[in-house]
């Protein structure tokens, strides 16, 4: 079992591969340097920093994203995780069990009761390393495809990267006569704990839930410290469904038991100009907490129903931000054809070309203060 397995604890529909930040940092970062990701998503940049012994700060407005990232930054043991799981399953009584047709078809009643035990326990306290890891394990197992051998997911047939919308999911299950299985929740947790939590080195990573447009959220943990690297991938223009697409996981970490379409603390997508302006504020905030000469690498692309050139848009956002573009590289297309969620989609879309934009922080930034 390699140390990189933990990066797969909970997949996202939109995510870049571990090799992207890992190769950059392995080849170019020096011991003692600090790494920042203001749009951390599932925490791939911070996990890469952890593997290389570099300190990091990850920020995201999504509670799902920060919960997944936190699970990649803790040092715990399989025994501690399983002991916590047994205690919760034995001692916690589920008081808030969601009802309705979707929930009846999505989970066996015993599985749903167990999920509610964990949810309620974590909402009371999820500060220990064992509970942070356990929450990440369950988030990754919360929904996914049926397996031919033994269950690896807790739901009826689902995508593993995003949660299907209730009405469509119920029709899908009914049409195919797919009823939820009575899964042994503890066994799923045990297999995943053994896969993801072999002995890992300690970590210096920190994760925060918040809006990176606010300067204070990017401040380093240690007063006077500054970042040397920013490696990130902001939301693509027009992509505003991160919370709705993750609504089941969002429920598990404390959100409502229905799809929430309200955008909380997210970049504005009302126009390309507003979007670029919002991103520029994040880049300015990042510049303020970075050393002169710090490097920033941004992976950015677009979505097919927005007729905006993504490369022009990201360049516009970097104008007068304290960062100077060094080079732009073609990063291929999203997932390069490995789009698992297509098995559950009604229509398929062709992923657009993505770009890696390299920039450095320069002292001219001070003129804009």
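The values are calculated or read from the model by the stated rules, or taken from the named source; none is laboratory data. Remember, it's a predicted structure, so these values are computed and weren't measured experimentally. FYI the Cβ positions are ideal-geometry reconstructions off the backbone, even for glycines, and counts take in every protein chain you see.
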> Looking only at residues in the stretch 13-25 that are within 16 Å of residue 69 (Cβ to Cβ) and buried (at least 21 other Cβ atoms within 10 Å of the Cβ), which one is modelled with the highest pLDDT?
Replying inline: 21
>> For residue 28, only one of the following conditions fails: (1) within 15 Å of residue 297 (Cα to Cα); (2) in contact (Cβ under 8 Å) with a residue 60 or more places away in the chain; (3) surrounded by 16 or more Cβ atoms within 10 Å (Cβ to Cβ). What is its number?
In response: (3)
>> Looking only at the stretch 159-188, count every residue that is closer than 22 Å to residue 85 by Cβ and surrounded by 19 or more Cβ atoms within 10 Å (Cβ to Cβ) and tell me the total.
In response: 5
>> Suppose we filter the stretch 213-239 for residues that are under 18 Å from residue 295 (Cα atoms) and in a loop (DSSP other than H, G, I, E, B); how many remain?
In response: 6
>> Please go through the stretch 35-54 and give me each residue that is touching a strand residue (DSSP E or B) at 6+ places or on another chain (Cβ under 8 Å) and more than 29 Å from residue 243 (Cβ to Cβ), ordered by number.
In response: 54
> Which residue out of 286, 294 is in a helix (DSSP H, G or I) and assigned by TED's automatic domain parsing to the domain that holds residue 354?
Replying inline: 286
> Restricting to helices (runs of 4 or more DSSP H) lying wholly in the stretch 36-131: which have 1 or more residues that are surrounded by fewer than 20 Cβ atoms within 10 Å (Cβ to Cβ) and either under 12 Å from the mean Cα position of the chain (by Cα) or outside the structural domain of residue 361 (by TED's automatic domain parsing) (or both)?
Replying inline: 63-71, 78-91, 101-106, 109-124
>> Pairs needed: first member in the stretch 307-324, closer than 14 Å to residue 274 by Cα and not assigned by TED's automatic domain parsing to the domain that holds residue 292; second member anywhere, at pLDDT below 95 and part of a strand (DSSP E or B); C-beta distance under 7 Å; at least 6 residues apart or different chains.
In response: none
